[in-house]
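The values are calculated or read from the model by the stated rules, or taken from the named source; none is laboratory data. This structure is a prediction, so every number in the text was calculated from the model and none was measured. With ideal geometry, Cβ positions are generated from the backbone for all residues, glycine too; neighbour counts draw on all protein chains shown.
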Amino acid sequence: MRFTFAAAKNGLPVCSAGNVQLHSFYDPSREAERFADLQNPPFEPAVLIVTEPALSYCKSFLACRFPSAQCWAIRYTGDFFETDTLWDKVLYAPGKNAEAIAADLFSALGEENLFATAFISWEPSERAFPEESAAAWEGIRLALSKARDILGTREYFAKRWVKNAVRFSVSTGVTAEVIRGDSPILVAASGPSLKACLLFLRDFREHFFLIALSSALETLLSSGVIPDLCMSTDGGYWAKEHLASLRRNNAIPLACSPESQIPAELFANHPVIPLSYGDGIESFLLDECGIPSVRAERNGTVSGTTACFALGVTSGEVFFCGLDLAPDKGTQHTLSNQLDTQARTQDFRLAPLSHRYVGAALSSGALSLYRAWFSSQGGGFSSRFCRVSSASYERPLGKIRDISLEQATGRLLKTSGCRQPKIVLSPGASSLADRMKKLSGALEYLKEDAASDMTLKALFPAGYVQCRRDGDAEKRNSLKQQARRFLDELKVFAQKIQEASGVY
């Protein structure tokens, strides 16, 4: 692209991209002021994002027009970098496809702030950079679509997750923590490529600390590979089926968030490493009940949370097996798998196995979102993180390296003598009776503070975002009343768990 810089009639610098004038050659400042005055989003935005504002004359006027909003820019080119300092944040789109741009937006804003963001196009740049503009606006659409889906999921499961957290706070018995090491960590995800790595895992087991995602647990155990730790962060009702194998493997600690769906029988004597995201009702209940926890990063997939966790408990490399993030001949998980084992009992002539696999291949949209998150990770993440496989992975993950089993073997053999992370029992939580007393006080506090952002966001994520964006006081008051009723139900629920335990 050829840029031509000149002076406007009033002396301010202006430019053209090819044959397109990016600013008025008469008075670019007045043009930018009119542009800002014309913006009238249907809500009071927390963030304004302008796509390729060129020399950025509009920024000061937008800041005056929306004084409470941050002003960001999405760049189609790096030629205007000297004006980047005018903006609160700048995202660069050149060379990126729509998925990568969506991942950048989601990483920077998250689902809640995306719906409090107004997106504005500097129209001359659309004509000057048609391909970049199309990719950027498709990325915006994808980011908003992902935010909508996540908020919808959170809204659907929110009360179940809080209920799980109450059960966790009451029932957790033996707790543990992780002492940091410097050896390699290998994480087993449940992608189809895991099967080809099982012999490698068994032969070199002593050279790494092994974390199994819950969906890969049955595959590892059935192959004679015992992990050091199992990780689960899923609050869905199906998630506990993946943990069925832990019932006969009491020595494998389970790291999980309070909102996770955990089989009730695991709470009594199974060692649990509570994970805290540091926000929301779940973390509040852990703190109030005196349950020691380990900090974790909230992520849309357990693979992302586990990756960050692993990088935090070792200074060495983190290898992932089975992180395909793509289906193989319809299967999204390697076999054997608890959910697949159960599903096979429902297969019959008119609804055979092939129908399920075709359905899985057609409904794998979430995998592309997870790929985008991993692909968006920078050097601090990717410098110690790589994927291992017996063959090339079908989908690359940005800067994350893919290495062969032979390369992984060479690296592991060089780390002999390193300290593996160590799991030790923590002092543990207080007695059940004491925790019940603290839990009752915590729930009463939440009921009295039912209109707080923490409570409403935890129980009604989508409704909270809508109220915050639209300033709907009536809707917020309605949510407040619903929150109080639900918190009363939680007290009764906790009492039933205590009664079932027989401890008072």
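Considering region 432-457 alone, what residues qualify as being part of a loop (DSSP other than H, G, I, E, B) and either in contact (Cβ under 8 Å) with a residue 24 or more places away in the chain or in the same structural domain as GLU288 (by TED's automatic domain parsing) (or both)?
Answer for region 432-457, where residues must be part of a loop (DSSP other than H, G, I, E, B) and either in contact (Cβ under 8 Å) with a residue 24 or more places away in the chain or in the same structural domain as GLU288 (by TED's automatic domain parsing) (or both): ALA450, ALA451.
Take ASP203 and tell me if it is over 29 Å from GLY380 (Cα atoms), among the charged types (D, E, K, R) and surrounded by fewer than 19 Cβ atoms within 10 Å (Cβ to Cβ).
yes
Filter region 116-150 down to the residues that are of a type in the set (S, T, N, Q), farther than 22 Å from TYR464 by Cα and outside any helix (DSSP H, G or I) and list them by number.
Within region 116-150, just SER121 meets the criteria.
Considering only region 53-76, I want to know if a residue exists there that is farther than 19 Å from PHE119 by Cα, in the same structural domain as PHE115 (by TED's automatic domain parsing), touching a helix residue (DSSP H, G or I) at 6+ places or on another chain (Cβ under 7 Å) and among the small types (Gly, Ala, Ser).
No, because not a single residue in region 53-76 is farther than 19 Å from PHE119 by Cα, in the same structural domain as PHE115 (by TED's automatic domain parsing), touching a helix residue (DSSP H, G or I) at 6+ places or on another chain (Cβ under 7 Å) and among the small types (Gly, Ala, Ser).
I'm trying to understand the selection: among the residues of region 283-324, which are more than 19 Å from the chain's Cα centre (by Cα) and among the small types (Gly, Ala, Ser)?
GLY290, SER293, SER315, GLY316
Can you find a residue in region 399-415 that is of a type outside the set (A, V, I, L, M, F, W, C), in contact with a helix residue (DSSP H, G or I) (Cβ under 9 Å, 6 or more places away or on another chain) and either assigned to a strand (DSSP E or B) or without any contact (Cβ under 8 Å) to a residue 60 or more places away in the chain (or both)?
There is at least one residue in region 399-415 that is of a type outside the set (A, V, I, L, M, F, W, C), in contact with a helix residue (DSSP H, G or I) (Cβ under 9 Å, 6 or more places away or on another chain) and either assigned to a strand (DSSP E or B) or without any contact (Cβ under 8 Å) to a residue 60 or more places away in the chain (or both).
So GLY236 passes all but one of these: (1) part of a helix (DSSP H, G or I); (2) in the same structural domain as ILE403 (by TED's automatic domain parsing). Which condition number does it fail?
Result: GLY236 fails condition (1) only.
If the requirement is being more than 30 Å from ASP488 (Cα to Cα), hydrophobic (A, V, I, L, M, F, W, C) and either touching a Ser or Thr at 6+ places or on another chain (Cβ under 6 Å) or modelled with pLDDT under 90 (or both), which of these qualifies: ALA128, ALA108, ALA103, ALA134?
ALA103
Going through region 218-231 one residue at a time, which ones are within 24 Å of the chain's Cα centre (by Cα) and modelled with pLDDT under 95?
Result: no residue meets the conditions.
Looking only at region 209-233, which residues are in a loop (DSSP other than H, G, I, E, B) and more than 20 Å from ALA176 (Cα to Cα)?
Passing the criteria: SER223, GLY224, VAL225.
Does any residue of region 209-225 turn out to be without any contact (Cβ under 8 Å) to a residue 40 or more places away in the chain, polar (S, T, N, Q) and at negative phi?
Yes, there is a match, as at least one residue in region 209-225 is without any contact (Cβ under 8 Å) to a residue 40 or more places away in the chain, polar (S, T, N, Q) and at negative phi.
Write out, first by first residue and then by second, each pair whose Cβ atoms fall under 8 Å of each other, whose residues are 6+ apart or on separate chains, and whose first residue, in region 113-125, is within 15 Å of TRP137 (Cα to Cα) while the second is surrounded by 18 or more Cβ atoms within 10 Å (Cβ to Cβ) and of a type in the set (Ser, Thr, Tyr).
Taking only residues 6 or more apart or on different chains, the pairs are PHE119/THR51; ILE120/THR51; SER121/THR51; SER121/SER133; TRP122/THR51; SER125/THR51; SER125/TYR76; SER125/SER133.
With the checklist (1) in contact with a strand residue (DSSP E or B) (Cβ under 6 Å, 6 or more places away or on another chain); (2) more than 28 Å from SER145 (Cα to Cα) in hand, flag the one item ALA32 doesn't pass.
(1)
Please work out if ARG160 is without any contact (Cβ under 8 Å) to a residue 40 or more places away in the chain, on the phi < 0 side of the Ramachandran plot and of a type outside the set (S, T, N, Q).
no
Residues that are of a type in the set (D, E, K, R) and within 30 Å of ALA366 (Cβ to Cβ): find the helices (runs of 4 or more DSSP H) completely inside region 3-115 holding 2 or more of those.
98-114
One line per residue, one yes/no per condition, for (1) touching a Pro at 6+ places or on another chain (Cβ under 9 Å); (2) farther than 28 Å from LEU405 by Cβ; (3) of a type in the set (Lys, Arg):
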{"position": "ARG154", "(1), (2), (3)": "yes, yes, yes"}
{"position": "PHE157", "(1), (2), (3)": "no, yes, no"}
{"position": "THR172", "(1), (2), (3)": "yes, yes, no"}
{"position": "ILE179", "(1), (2), (3)": "yes, yes, no"}
{"position": "PRO192", "(1), (2), (3)": "yes, no, no"}
{"position": "GLU206", "(1), (2), (3)": "no, no, no"}
{"position": "LEU213", "(1), (2), (3)": "no, no, no"}
{"position": "SER232", "(1), (2), (3)": "no, no, no"}
{"position": "LYS240", "(1), (2), (3)": "yes, yes, yes"}
